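One structure below.
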Amino acid sequence: METVSLANHFLIAMPAMADPNFSRTLTYICEHNADGAIGIIVNRPMDMNLAGLFDRVSIPLEDQQAEARFAGLPVYFGGPVQTDRGFVLHRPAGQWQSSLSISDEIALTSSRDILQSMGSTGLPAEVLVSLGYAGWTAGQLEWELSQNAWLTVEADVGIIFYVPPEERLPAAMQLLGVDFANLSEVAGHA
């Protein structure tokens, strides 16, 4: 059976999600194939902003527009894998040293050159910076889906870049026409 790719989709954690890393999360799937899946949790801001992160990695926010645009943005808990490593979800995709192209317009980059560009030119303008990512081995995400751990919906990247973090999960639910408060913790198969 061929794997249906969920890249460029949201995973919405069901209310019964027991794993504290994923309880009440909205995860954007960046890659999904027969080898597994990679995603970034997009609604878990950490107690750190981009000014603090840029300072920590010794990259100045030298452009006034860059400082105004990025300094106060939060850094996100992207998932429990490689939490010491930064990942930038961004639009437009552009050309960077280490990027995973998700669609024609959006990419995930883990190389330092994107942070240097952000600090010196303020570009790319639409970014979500995380520490860590969510990862699934071959067949793991499919199994979790069969266990009703997640709902899926095609992503609206505007939710990632323009909706406040605390409103992203309900906004993604609205794409399905569902209110999170009305979801049952018990699911069945018809």
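Would any residue of the stretch 86-110 have its amide N under 15 Å from a label point 7 Å out along Cα→Cβ of Ser120? List them or say none.
Under 15 Å, as judged by backbone N against the label point of Ser120, lie 95-97 of the stretch 86-110.
Determine the share of the stretch 57-190's accessible area contributed by carbon and sulfur atoms, expressed in whole percent, with a 1.4 angstrom probe.
Carbon-and-sulfur percentage of accessible area, whole number: 50.
Report the label-to-label distance for Ala68 and Asn148 in nanometres (one decimal), using points 7 Å from each Cα along the Cα→Cβ vector.
Result: 5.1 nm between the two label points.
Which of rounded, prolate, oblate describes the stretch 117-177, given a ≥ b ≥ c as roots of the alpha-carbon gyration tensor eigenvalues and a/c under 1.5 marking rounded, otherwise prolate only if a/b is larger than b/c?
Because a/c hits 1.5 or more and a/b fails to exceed b/c, the stretch 117-177 counts as oblate.
Where Rh denotes the Kirkwood radius from the mean inverse Cα pair distance, what is Rg over Rh for the stretch 83-165?
1.02
Any idea how far apart Asn21 and Asp104 come out in nm if each label point goes 7 Å out from Cα toward Cβ?
Once both label points are built, they end up 3.5 nm from each other.
Share of the stretch 1-42's accessible area from carbon and sulfur, percent, 1.4 Å?
That fraction is 53 percent.
The values are calculated or read from the model by the stated rules, or taken from the named source; none is laboratory data. It should be emphasised that the depicted structure is a prediction, and the values quoted were computed from it without experimental measurement. Quick reminder, even Gly has a Cβ in these numbers, built from the backbone with ideal geometry, and neighbours come from all protein chains shown. Just so you know, the surface numbers come from the protein's heavy atoms only, side chains and all, with ligands and any DNA or RNA stripped out. Shrake-Rupley method; radii C 1.70, N 1.55, O 1.52, S 1.80 Å.
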